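A short worksheet on the structure shown next.
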Amino acid sequence: MSKYESSIKELAYPQHSVYAKLSDLSNLANVKERMDDPGIGERLGGQVSEEQLRQVKEKLESLEVTSDEISIDVPPVGRLALRIVERTPDKCIKFESVQSPVPLKFWVQVVPDGEARSKMRLTVDASINPFLRVMVEKPLKQGLEKLADMLAMIPYDAPSAENPQIELDA
């Protein structure tokens, strides 16, 4: 197994809010529609460049979500589908691949950083044969980091003056 970790992302939301949003994947269903809002850049308070927004919108075109499963096209790997297999309240959400060119496990760890903030790290553990590793290692690392960036942009509670984020719930 090959293990890959994202950088640690600092979030301006408490641990329980982040966990609550991510442990029920249907909470992410509105993300794609909300990214088409012309005022999204302003609502994100300049935290994200126009190029980053364009890349996120492009990636989200193929996103499909249920409460326990998420799938998305990941070039050049293909369609990737993950299902939640374990939830550790407020701390960790573990996934396993349902549809993937290589068997993999994926988890999101959330730890508190004070009372109103938290930190998040994504980890992938994949069974990649040595010959394929050369081809998929770089895209896998990049994809993991981009996913971590996307998850760090999500508002995990209602917008406030400190966090002028978009609302995901209609």
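General remarks:
- Amide H within-cut-off set for Ser62, under 5 Å, with H built and near neighbours excluded: Asp73
- Amide H to amide H distances under 5 Å link Asp113 with Gln15, Ser118, Lys119, where only residues 5 or more positions off or on other chains count and H is placed in the peptide plane.
- Enclosing the Cα atoms of the range 2-153 in their convex hull gives a volume equal to 105 cubic angstrom per residue.
Readers should treat all values here as calculations from the given coordinates under stated rules, not as data from a laboratory. Since the structure is predicted, the reported quantities are computational estimates derived from the model, not experimental observations.
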